[in-house]
Amino acid sequence: MKYTIKAHPTKYNGVKFRSRLEARWAAFFDLCLWDWEYEPIDLDGWVPDFRVTFPCSHSECSGSHSLLVEIKPYYSISEFQGHPCTRYAFGFCDDGPTRIEIPADASASFGVNPSVTEFEMCHGHGGGIYDISGWVDGARELWKTAGNKVQWLPK
Ligand SMILES: [Zn+2]
């Protein structure tokens with residue numbers, strides 16, 4: 001996969017991110033009041049960009065959900081195909097007889113904006129495939145605001 005988008009290290013909230021896109025996601029999570037950690041853990045073959053935690057008020061959930069998130073400058077979810085971030089639906093992956101669990105409800109793929117997001121997790125008495133829009137009101141506006149917070153300004 002060749003990127004046509006150049007990664008530009010960007011500082012936000014005291015953290016230096018590898019790309020402006022990652023910094024923008026951090027700003028977005030703040031606007032959503034989601035807790036986030038940057039590069040929280042090294043998994044075998046994958047260093048997730050974020051671990052995020054967000055509230056869930058469903059009576060059958062424990063009050064929140066968590067995701068290990070990969071950020072890529074992709075315009076389509078299908079571009080994530082084959083990446084480890086697609087492997088841990090419901091927080092685990094069966095590798096032959098071995099079950100590998102991650103410290104989150106699911107792995108997640110987040111692209112160039114909130115409409116390019118996907119994760120599969122338990123929720124309520126079931127679960128399924130979700131994107132950001134089901135969990136954040138006004139994601140489009142918040143994404144614009146997040147962009148303003150990390151925009152490049154000439155010194
Ligand atoms: Zn839930």
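Derivation of every value follows stated rules applied to the coordinates shown; laboratory data play no part. Remember, predicted model here, so these are calculated numbers, not experimental data. Here the Cβ is made from the backbone with ideal geometry for all residues, glycine too, and neighbour counts use every protein chain on show.
For the stretch 26-93, the list of GluC sites (Glu not before Pro) that fall in a loop by DSSP and count at most 10 other C-beta atoms within 10 angstrom reads GLU60. Counting 0.36 nm for each residue step from LYS16 to PHE90 and taking away their Cα separation leaves a gain of 23.6 nm. In terms of other Cβ atoms within 10 Å, ILE71, ILE129 run from fewest to most in the order ILE129, ILE71.
Placing +1 on each Lys and Arg Cβ and -1 on each Asp and Glu Cβ, with no other charges, gives the stretch 21-155 a dipole about its Cα centre of roughly 540 debye. Were the residues from SER62 through SER76 laid out at 0.36 nm apart, the gain over their Cα-Cα distance would be 1.9 nm.
Which Cys residues of the chain have no other Cys beta carbon under 4.7 Å away? Lacking a cysteine Cβ partner under 4.7 Å: CYS32, CYS85, CYS93, CYS122. Radius of gyration over Kirkwood radius for the chain, both on Cα atoms: the Rg/Rh ratio is 0.96. Dipole orientation for the stretch 12-149: of the candidates ILE132, PRO103, LEU31, LEU31 has the Cα lying most toward the positive pole (charges on Cβ; Lys, Arg +1; Asp, Glu -1).
Label positions at ASN148 and LYS6, each projected 7 Å from the Cα along the C-beta direction, are separated by 2.7 nm. Each other residue within a Cβ distance under 15 Å of GLY63 adds +1 if Lys or Arg and -1 if Asp or Glu, for a net charge of -3. Sequence-distant contacts, meaning Cα pairs under 8 Å at least 6 residues apart, place the relative contact order of the chain at 19 percent. Annotation: the residues ASP42, ASP131, ASP49, sorted from fewest to most other C-beta atoms within 10 Å of their own C-beta, follow the order ASP42, ASP131, ASP49.
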